[in-house]
Amino acid sequence: MKVSINKFQLFPFHLVDPSPWPIFLSFSLLNMAIAAVLYIHGFNYGGGLLTLGFILTTYGMTLWFRDVITEGTYLGHHTKEVKNGLMIGMILFIISEVFAFLSVFWAFFHSSLSPAIEIGGSWPPLGITPLDPFAIPLLNTFLLLSSGAFVTFGHHALIAGNRKAAINGVFITIILAIIFTALQYFEYSEAGFTMSDGVYGSAFYASTGLHGFHVIIGTLFILVGFIRIINYQATKEHHQGFEASILYWHFVDVVWLFLFVAVYFWGGA
């Protein structure tokens, strides 16, 4: 007996087609995690496996995001309910990132508020010369907050239909983010301590390095939105991905303010 199936679905949600990217990314991330442990412990080929895992992860994420963009831009699957679900997912992801940074700040304050006798009973520990918070860190604060203002300007310009202003605002944001990352690298290269210099070095590089990694990811996120605006894929009615990148970027801004006050200013006093 034949069963007739209505080809028109009676709900506004998108049932995604089977995709190889979830399982591909799962094994890529597993490979990268294991390789990172091998590399840290000095095993042979640990660095090569870590590089391979990073490449495979980047490849899988790129193609998965490509499919999502195709579903929303060309196939019209991103209805209002789907876009709401995507934004909720982004918010939940940022909340998970908040707890990741919370663990780093916890480690920092645990060590700094009650310094152990092994590090001289003081913070910063004896023998550590902290970085000047009013040099590169203050400049980076200005750059990052300015980038947040420019990307917000670009967002409002896009909503208002001013495409040229939107492109200019997002472009300036990307330039400021690149300068921030370059200055962070310069600061690391000129620092008088490394990550292996006790708990201070570990706490400093774990917190600022994790934030720097998020800045790089956020820059790429905004860059994708910038390219989509240029290609008329992000319009004043449909720019869900661009909004998600702005939300992520503001999260990066707020975390940096906490880092500047706690790690650079108070932690280096």
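Taken together, the values in this text are just the output of simple stated rules run on the coordinates, not laboratory data. Quantities reported herein were computed from a predicted structural model and do not represent experimental measurements. Cβ placement follows ideal geometry from the backbone for every residue including glycine, while neighbour counts extend to all protein chains displayed.
Here is how the numbers come out for the structure above:
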quantity: Rounded to 10°, Cα long-axis angle of helix 80-113 versus longest principal axis of the chain; calculated: 10
quantity: Kirkwood hydrodynamic radius of the stretch 19-77, from inverse mean 1/r over distinct Cα pairs, in Å; calculated: 12.4
quantity: Where labels lie 7 Å past Cα in the beta-carbon direction, separation of ASN231 and LEU75 in nm; calculated: 1.6
quantity: Value of relative contact order over the chain, rounded to a whole percent, pairs C-alpha under 8 Å and six or more apart; calculated: 18
quantity: Convex hull volume per residue in cubic angstrom - Cα atoms of the stretch 79-266; calculated: 103
quantity: Relative contact order (%) - the stretch 78-197, alpha-carbon pairs under 8 angstrom, separation at least six; calculated: 20
quantity: Calculated log₁₀ intensity ratio I(q)/I(0) where the Debye formula runs over C-alpha points of the stretch 171-253, q = 0.14, 0.22, 0.24, 0.25 Å⁻¹; calculated: -0.56, -1.00, -1.11, -1.16
quantity: Angle between the chain longest axis and helix 21-40 axis [Cα atoms, degrees, rounded to 10]; calculated: 10
quantity: Angle between the chain longest axis and helix 163-190 axis [Cα atoms, degrees, rounded to 10]; calculated: 30
